[in-house]
1. Keeping to region 34-76, report how many residues are open to solvent by 30 Å² or more (accessible area, probe 1.4 Å) and either modelled with pLDDT of 90 or more or under 16 Å from the mean Cα position of the chain (by Cα) (or both).
2. Here is a check on your reading of the model: is residue 153 under 25 Å from residue 16 (Cα atoms) and in a helix (DSSP H, G or I)?
3. Just the residues that are farther than 17 Å from residue 15 by Cα and in contact with a Pro (Cβ under 8 Å, 6 or more places away or on another chain), please, taken from region 135-146.
4. Suppose we keep only residues that are farther than 30 Å from residue 69 by Cβ and in a strand (DSSP E or B) within region 87-123. Which one would you say is modelled with the lowest pLDDT?
5. What residue, among those in region 186-202 that are among the polar types (S, T, N, Q) and at pLDDT 90 or above, is nearest to residue 315 (Cα to Cα)?
6. Six or more apart or on different chains, Cβ under 9 Å: which pairs go from a residue in region 149-173 that's farther than 25 Å from residue 115 by Cβ to one that's of a type in the set (Phe, Trp, Tyr) and modelled with pLDDT under 65? Could you list them?
7. Before we move on, is residue 250 charged (D, E, K, R), surrounded by fewer than 17 Cβ atoms within 10 Å (Cβ to Cβ) and either within 30 Å of residue 63 (Cβ to Cβ) or modelled with pLDDT under 90 (or both)?
8. Check region 215-233 and report whether any residue there is surrounded by 17 or more Cβ atoms within 10 Å (Cβ to Cβ), in contact with a Ser or Thr (Cβ under 9 Å, 6 or more places away or on another chain) and modelled with pLDDT of 80 or more.
Amino acid sequence: MKNLEPFVKVPSIIVEQPFGSFYLASIRASKLVKITYSLPAKYGDNTLNGVQRGLNRKRVENIAKFCKTESPLFPNSVILAANILEDGSLVEDDIAWMVTNDGYLLVPQMIESASIVDGQHRIEGMKLALESGMDDFDIVCSIYMDLPAPKQAEVFATINFNQQKVDKSLAYQLFGYNLDSTEPEYWAPDTLAISLTRILNKNIDSPFKNHIAYGMKDKHLVFENMKEEQEYFNDPWKVSTATMVDGITKLISSNPTEDRYELHKKRAFKKDRSILKEINRRSSEPWREYYLNYKDGQLFDNIENYFLAVNSVLWCDGGLPLLRKTIGIQALFDLLKIIAENESADEPYTKEFYLDILGRVNLKNIADLETNYSGLGRTRIKNVLIDSCYPVT
């Protein structure tokens with residue numbers, strides 16, 4: 001076997017910031033996993049040692065699956081502290097990371113000499129995927145030289161706790177999982193849910209028309225005209241896109257992440273939804289057959305007719321305000337799943353079909369509920385709804 005060269009030479013760019021300078025470089029995943037390590041934070045002797053949280057194996061496995069899909073992407077950089085060994089000592093000069101006069105980064109290949117400041121799950125996921133045949137690709141790296149562990153922890157804390165996460169509803173609306181550029185037969189369950197949510201928000205007959213919010217950054221939205229803007233912000237109630245997408249998705253998939261990875265795996269033929277028929281699950285997915293057999297219209301009618309009935313029985317004339325809160329709508333989706341599991345009906349399920357079931361709901365018991373806006377409150381509402389519609393005899 002041919003011995004590895006001691007260094008691999010890659011182009012780099014220096015970035016100068018107040019905290020300190022670092023280098024941007026592209027390194028192959030197969031090399032990166034062999035020359036890096038992570039220092040999980042551990043508490044002992046009244047001191048906190050290390051940089052990162054412990055590994056979440058489920059997250060690592062999900063990243064590994066994503067790496068083996070047709071189009072994996074990791075545009076955000078992995079942050080490394082180079083020339084620091086796991087025991088905290090500096091790497092010897094003759095095998096150290098260094099930058100040449102013409103701007104190239106020399107990356108040592110014979111030793112684990114870079115601590116992972118941020119990106120340990122990505123690197124562990126790539127390592128797992130490489131072991132089972134992942135195609136190699138480049139990873140963007142931000143590399144600090146000789147950064148001691150306390151400073152590594154400072155970088156990790158800053159980027160993970162000081163920067164605001166993107167609201168899930170806004171992400172659904174802005175990016176839509178390639179909703180507008182992919183044919184429906186290739187949509188994953190949550191992508192279909194996004195599509196149905198958009199239709200519910202626009203359909204003139206929908207009880208959700210103009211009631212579905214885009215997310216935390218609503219105030220930054222751009223509207224076509226003043227009337228549309230006023231109608232949006234003057235609306236007395238809103239439900240988030242994320243709440244709707246989650247509720248719809250659970251009717252057709254108990255593991256949408258697995259479905260998405262399976263759908264996007266590299267394969268020569270048969271890339272549409274039908275490949276998901278091969279997945280056997282024990283969890284409840286009452287309307288999965290609609291999804292697998294492309295009956296998106298019937299699925300939409302089932303959902304819209306349900307909420308038309310809800311609007312007539314539970315929301316009419318202001319109805320029960322609690323059932324228009326997030327926890328109320330979540331509980332209503334919980335009830336819909338129970339109905340789908342327990343009832344058979346002509347396709348689609350009609351508004352009249354649902355009216356017969358929802359007519360059993362004890363409105364006073366819901367109105368008398370003392371609850372807060374939390375998961376516990378959702379459970380209490382769900383229990384009242386289910387006990388009313390399906391009393392134990």
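1. 14
2. yes
3. Residue satisfying the conditions is 137 alone.
4. In this case the residue turns out to be 90.
5. Applying the filter and picking the extreme gives 201.
6. 167/214; 169/214; 170/214; 172/214; 173/214
7. No, not satisfied.
8. Looking through region 215-233, none of the residues is surrounded by 17 or more Cβ atoms within 10 Å (Cβ to Cβ), in contact with a Ser or Thr (Cβ under 9 Å, 6 or more places away or on another chain) and modelled with pLDDT of 80 or more.
The values are calculated or read from the model by the stated rules, or taken from the named source; none is laboratory data. Bear in mind that the values here come from a model prediction, so they are computed numbers and not experimental data. Using ideal geometry, Cβ is built from the backbone for each residue, glycine included, and neighbour counts are taken over all protein chains shown. Calculation scope for accessible area: heavy atoms of the full protein, side chains included, ligands and nucleic acids excluded. Shrake-Rupley method; radii C 1.70, N 1.55, O 1.52, S 1.80 Å.
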